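In what follows, a single structure is set out as structure tokens and then discussed.
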Amino acid sequence: MATLVTKFSDFIRDIRPTQGQRDDMKQGHTVLRNRLSEFDDLQDILVSDFLQGSYRRSTAIRPAEGCRSDVDIVVVTNLPRPEDDPVGGVSPADALARFEPFVEKYYKGKWRRQGRSIGIELSYVDLDLVITSKPASKDVEAYKSAAALTSVGLEEDPDWWLSGAWVPIEERAKQVTAAAASADNEWKTSPLWIPDRDADEWDQTHPLSQIQYSRDRNKACGGLYLGVVKCLKWWQRSRSTDMSKPKGYPLEHLVGLHCPDGIASHAEGVTLTFEAIRDVYAAYPIIGGKPVLPDHGVPTHDVLARVTAEEFKCFHSAVVEAAGIAREALDEPDADKSATLWQKLFGLRFPGPPVVKAMGGFTPPSESARPKPTRYA
Amino acid sequence: MSTPAPHLPADLQRAAEAAAALDGVSVLLPWSWDTDAWVLRCRLVREGGDAGPVPKATDWCVVVRRYPWGSIQFMPAGVHSIEDTFWHQAANDACADKPWRMGALCLTTPGSVLGRLADGHEPMDADSRLPWHFRRALGWLQLANEGALQDDGDPFEMPPLPNLSSSAWPMAYIENLESYRAWCCGADRYGFAKLGVVPYLKARLVLQWLDVAHKPASPAVGWGAFAEGSKEAGDSAIWVRLDRIPVMRLAQLPRTWGELVRASSDQGLDIRAVVERLAPMLRDGRRHYLLIGAPIPHNIGGPPALMQWLCLRLPSLSHGTKQTRGFRKGNEQGYIRRDRAEALTPREVLDWVATQNWDRAQRATRGVLPSSVRQQRVALIGAGAVGSLLAENLVRVGVEDLALFDHDQLAIGNLVRHTLTLVDLGQGKSVALAERLNRLTPQGRVVAIPQMVQCTDRQLPETLANASVVLDASGSDEVLCALDRGHWPEPVLFLSASVSWRARHLYLFVAQGHSFPANAFEAMLEPWAEQWRGDDAGEEEIWEGVGCWHPVWPGRYDHLAGLAGCAIGVIEKAVSEPPRTPMLYVLERTADSGITVDSTCWEQAGT
């Protein structure tokens, strides 16, 4: 059974955002967060701001040609909801409007309202600014902690945990007691309220719990889970003409549910995840329905709410096909044939078998080697 | 020296007979030979009634050279014709030694109203050409009489300058929409102007606009680096702003001082008072200039878009002991009186001088890069064969902000394929090239840094750090190392151009980022190096001249020039739409003298 560990590592490295893209994302959100902290008119209402989304969870894949990387930033404010404070409560639309002077000053001509958030278009990166209302008072310390504010993703810091004792990686080696990475002493935070899709009402979300969930799955899978998510996202995008949804977070959620613990390789993880999805949801396409998947942080939310039954059916049949190919590739003992099969799933970015050389062996040179520059000006 | 009168060519005679058969044309005198042309005196009777500025019948001298190839000119006869200048006509000055006036009709202007009266394009065959001109002339007369020679929407034309001296240098200035807006914001209606001359240049430059106190007035004039070699002209100028071009009537500019004063006071400005007010600074015996500015639109009937300047040379004003009798030397009142009586009398014929607007927008019609590309700050590293060709191309298509880095000196062997000349031998390539390029455009600002960019430099030279486009044409890996190690805070477009042995290929690497991606460059170029190393492996090293060997690579100028020209198109596209990942364009010279362009993208992860 060929697990092609190196090939998968190379492939996963090639499908994540490039160093340049990561630099751009980091620069974009760092500058924005610095500017926020210095913008006088918002200081009264700002509580905290932290990164969420696939960038933070290290499950993002390289954007398609012509598209940009996305960085999602949550800005926690102390604006009360109308439900909590009928007199001074602020509607989601008004909360977003409070930030318009800020984006107008620093990102004039580059920002626009996008329903529930403010989108900012920089040269290579899109920033998505989501505004929350006042969090529960017991959670404020958590949202202001260094653990929440860090911009380091799970891949760079798989031992991240939401606690006052958390310190950045570079300082961990120095502190003797810092090794205690445990979910037992993590803060238990409640969901936050953000504008719904049309900014009419406040709706719940729990980004930190999504990060915690991904961390836990990744640890249980020996650090391979994040790579498996990326592989399936890449597979989905390469098939996006046949099936458009689920993609993005809903797809990641499915992998989270069905990738088994204790996998030994990415190849195994991908195969078992496909097979699990195929088997667990086999009945739905037949009856013309789709499953309800509760969100981890907000169980009343259905992760597949925006996927239609028809789309789920297309997705499922693609998974059936993929599961077959993946199983064949995983069980194939010959590494080259296995690589070719994986290429069927992932496209040519997956490293194929090496090209056979026309001539082998060493030939002594007929004259002494003369290094010569090959370019002139 | 006049050629002896030849025989009248038969085709000219035939054509004239066909023309004479037209309605409204009658021949007054047969063809006569005048110096170098055949002249036919005829009478043209126009359509329409007797009323109007053009008499019903007018006499013309039709001056024909080398028929049917040369010029055909309809000149108003000395008598019984029109004396004013109309539109689409040269300045209708009287001519002392010819039986005609100088106001030749412009009958071949494309797209003008005349086109609607006679068939579109001028036929060049002997039978049709002269009659076509006669039909056009008749049409012209009718339109002139109706005042319909110009239509709203036609390109705005300046009235022609009367009595224009052909030997005087033109007065060059820079005006565009931006400077026009600056003029509109200013309150001053007159002031002084500083003029300059440059040793090799046959023009005078308006270097700077000044107010009456000789302080700089806006707009600032954006001359390029070549004007730094200017000296102040000994003469200076007064400028005056009017609301409209001061025509007397139709397209007739004032011919005399009196007419000019009248035309400007019709606009509410007393030009005589202005000159008298500023005269004290001009009383040095020299002849100074008077610049008259007025806003003009791009198209007739359109909004004003540009300040247009007319220029005339003032007579030498009273000064020193050239005083009115009874006034002491130095008495301004006396000088003024004398000027009014002698220098600036109403009948004093104006000495008009041609003016030219040397702004980039005026010079762009023959073809320049789009402004987003032209306006980049370009740093070019390497002023050798490839660098000099790219630089010359870029500057000619409109790039003005260019910095050249090269430490080398020009040697005789370089001239085979360099844009520099014998004059520049022994000079630093970057210095000589910058000087040359600054003479290609009056608004170019090319600077030379006579050093090569080195990998061991602590930091990037300032000009390089401020560039928006960095173009490496050094062929040097060390330069690329320096660009890789450097960091630009804003993303910059990096280009690296080099050629292969015998200039078979030009490799143009393009990447946008905060520093040059040397890894990507090496990786993308390597397959090409491998491929063509085999091609030149059999060649001997090239020796040039007698003496110690130094590396020389073969590559003909025509081959390099073709590749460099083609590369400009690729550079233009890369600047307009910077690539998201590094790209390598390989321009290859094909066997049949074509150039093919092949491009590849950088696929791998960037760690």
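Counting neighbouring Cβ atoms within 10 Å and putting the fewest first, the residues B:I412, A:I61 line up as B:I412, A:I61. Taking all Cα pairs closer than 8 Å and separated by 6 or more residues, the relative contact order of chain B comes to 9 percent.
Once you've got the Cα coordinates, tell me which of A:K233/A:K290; B:K215/B:K429; A:K105/A:K134; A:K26/A:K337; A:K134/A:K247 are over 29 Å apart.
As for pairs spanning more than 29 Å Cα to Cα, those are B:K215/B:K429; A:K26/A:K337; A:K134/A:K247.
If contacts are Cα pairs under 8 angstrom and at least 6 residues apart, what is the relative contact order of the range A:246-307 in percent? After rounding, I find 27 percent. Ignoring lysines fewer than eight residues from A:K138 along the same chain, the ones with Cα atoms less than 17 angstrom from its Cα are A:K188. Expressed in Å, the radius of gyration and Dmax of the Cα atoms of the protein assembly as shown are 40.1, 122.
Can you pull out the trypsin sites (Lys or Arg not before Pro) in the range B:191-260 whose DSSP state is coil and whose Cβ has at most 16 other Cβ atoms within 10 Å? Write out the running numbers ahead of the final one.
Numbers: sites: B:K194, B:K202, B:R204, B:K231, B:R241, B:R244, B:R249, B:R255; in loops: B:K202, B:R244, B:R255.
Those that pass, being in a loop and sparsely packed, are B:K202, B:R244.
For the range B:148-252, the list of chymotrypsin sites (Phe, Trp or Tyr not before Pro) that fall in a loop by DSSP and count at most 10 other C-beta atoms within 10 angstrom reads B:Y200. Sparse packing (at most 16 other Cβ atoms within 10 Å of the Cβ) combined with a DSSP loop state is found for the following GluC sites (Glu not before Pro) in the range A:47-133: A:E65, A:E83.
If you average the alpha carbon positions of the range B:262-297 and of the range B:328-389, how far apart do those two centres end up, in angstrom? Each part's Cα centre sits 18 Å from the other's.
The order of A:T30, A:T340, B:T321, going from fewest to most other C-beta atoms within 10 Å of their C-beta, is B:T321, A:T30, A:T340. Residues B:L141, B:L40, arranged from fewest to most other Cβ atoms within 10 angstrom of their Cβ, appear as B:L40, B:L141. Taking Lys and Arg as +1 and Asp and Glu as -1, the other residues whose beta-carbon sits under 14 Å from that of A:L341 total -2.
Dividing the summed helix terms, -39500 (n - 2.57) for each DSSP H run of n ≥ 4, by the number of residues in chain B produces a 222 nm estimate of -7000 deg cm²/dmol to the nearest 500. Relative to the globular-protein estimate of 2.2 N^0.38 Å, the Cα radius of gyration of chain B stands at 1.24. Cβ distances below 4.7 Å define possible disulfide partners, and in chain B the cysteines left without one are B:C42, B:C61, B:C95, B:C106, B:C184, B:C185, B:C311, B:C548, B:C566, B:C601. Among residues other than B:F327 with Cβ under 10 Å from its Cβ, the summed charge is +4 (Lys and Arg +1, Asp and Glu -1). Centre-to-centre separation between the Cα atoms of the range B:446-503 and those of the range A:155-171: 41 Å. Within the shell of other residues whose beta carbon sits under 10 angstrom from the beta carbon of A:R306, the net charge comes to 0, with Lys and Arg scored +1 and Asp and Glu -1.
Every number here is computed from the coordinates shown, using simple stated rules; none is lab data. Every value quoted in this text rests on a predicted model; they were computed, and no experiment measured them. All Cβ positions, glycine included, derive from the backbone under ideal geometry; neighbour counts span all protein chains shown.
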